[in-house]
1. What are the ³J(HN,Hα) couplings of the stretch 125-135, residue after residue, when phi is run through the Karplus curve with 6.51, -1.76, 1.60 and θ = phi - 60°? Round to Hz, x for glycine and proline.
2. Once Lys and Arg get +1 and Asp and Glu get -1 on their Cβ, which of L35, S231, H103 lies farthest toward the positive end of the dipole of the chain?
3. If I compute solvent accessible area with a 1.4 Å probe over the protein chains, what percent of it on the chain is carbon and sulfur?
4. In nm², what is the average projected area of the convex hull enclosing the Cα atoms of the stretch 164-316?
5. Whole percent per 10 Å bin, from 0 to the bin with the longest distance: what is P(r) over all C-alpha pairs of the stretch 80-237?
6. Enter the per residue convex hull volume of the chain, computed from alpha-carbon coordinates, in Å³ rounded to the nearest integer.
7. Can you run phi through the Karplus equation (6.51, -1.76, 1.60; θ = phi - 60°) for the stretch 68-82 and list ³J(HN,Hα) in whole Hz, with x for Gly and Pro?
8. What accessible area per residue, rounded to a whole number of Å², is obtained for the stretch 101-156 using a probe radius of 1.4 Å?
Amino acid sequence: MELLRKFEDRGYPTDYLLSRVKGKRSRLISDWDPLVYGNDPSGYLSSAGYKGFVRERSAEGVWRDLTHEYRWIYLRMNEELRGIFGPFFLYHELRVIFICLRHIHGGTAASAEGVLSSSLLSDDMKKVLRRTPDVISATDQIEGAFSQLSGTFDGISALCSSYGLECFERELTSRYLAAVLRGRLHPLMRSFFVLMIDSRNVLALFKFLRLNPRAAPTCIPGGSITEAEYSGIMSNKDLQGVLRLSGRRDDDPPQNIEKYLYRNVTGFLRRAGRDPLGIGPLLDYLWRCSLEVMNLSLLLHGRELDRELIRMEMIL
């Protein structure tokens with residue numbers, strides 16, 4: 001079973017797509033204050049001043065717009081670029097898979113059609129997510145599809161039966177990231193996925209030390225944090241070590257660790273995005289689109305919350 005849908009190569013030159021993306025990148029939101037402190041963020045999105053890709057006005061809808069935007073980019077990539085960016089797009093599609101699984105679990109599978117219709121998942125994968133009547137059958141078929149990438153996915157469906165859907169989602173993501181790093185990748189894409197693994201490892205350590213769950217997390221291999229360093233932080237309950245790995249500055253509040261991890265990735269990709277001849281501008285744009293939607297979703301969900309509190313949570 002294919003994981004991503006195959007589209008005809010329309011022959012767009014890379015330079016053409018880079019030019020279009022640079023124009024789109026200039027229309028991303030740079031000043032968030034009018035949305036944070038204004039009366040209605042959806043009003044700003046409807047105004048003539050907003051030129052971006054978001055068309056929906058709900059917290060769920062803006063994520064559908066991100067899927068539409070990613071599809072627009074993917075369709076204009078040639079085969080070489082699709083080969084380079086395939087791991088990134090499949091990583092994004094994990095979220096689509098998880099949304100669909102939650103709807104299957106809740107008996108509302110039809111409600112996921114909006115995000116699934118513009119998804120880059122293959123027709124076979126969409127059929128599984130549309131027609132499979134229960135989560136266990138769906139996760140079993142998903143395991144079979146991902147096992148074509150690596151044998152490390154074998155047995156992952158059983159985790160859903162034993163420990164629930166959240167455990168399956170967490171393990172599928174971790175095993176996917178580790179499998180990607182074992183394959184052949186463009187150097188920039190490899191650096192990006194190392195950062196993704198580091199971020200998940202640091203966040204898992206932080207949650208373990210702050211919330212003290214019964215089950216200790218395991219280190220996802222392939223990142224820059226070694227097993228020894230990971231185990232040492234966990235056994236010594238070294239919260240300061242976790243905060244140091246997160247890139248937190250001295251004046252940053254310790255609770256916003258996820259924000260600092262995203263900030264690290266943003267800084268790296270902004271530097272890569274300055275290369276006019278490489279793929280950096282493309283990856284930078286895709287990442288910044290996801291952050292824009294993340295911030296918009298937070299604003300739309302938190303209309304009634306304190307504005308300063310919302311601003312502290314945003315990735316700026």
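1. Here the 3J(HN,Hα) series is 5, 5, 4, 4, 6, 8, 10, 6, x, 9, 5 Hz.
2. L35
3. Values: 7570 of 15320 Å².
Within the chain, the accessible surface is 49 percent carbon and sulfur.
4. Working: hull surface 42.9 nm².
Computing the convex hull of the Cα atoms and averaging its projections yields 10.7 nm².
5. Values per bin, smallest distances first: 10, 36, 35, 17, 2.
6. Working: hull volume 46.5 nm³, N = 316.
Spread over its residues, the Cα hull of the chain gives 147 Å³ apiece.
7. 4, 5, 5, 5, 4, 5, 4, 5, 9, 8, 7, 4, 4, 5, 4
8. Working: 2570 Å² over 56 residues.
In whole numbers, the stretch 101-156 has 46 Å² accessible per residue.
The values are calculated or read from the model by the stated rules, or taken from the named source; none is laboratory data. These numbers come from a predicted model, not from an experiment. Glycine also receives a Cβ, built like all others from the backbone with ideal geometry; neighbour counts cover every protein chain displayed. Note: accessible area is taken over every heavy atom of the protein model, side chains too, but ligands, DNA and RNA are not part of it. Shrake-Rupley method; radii C 1.70, N 1.55, O 1.52, S 1.80 Å.
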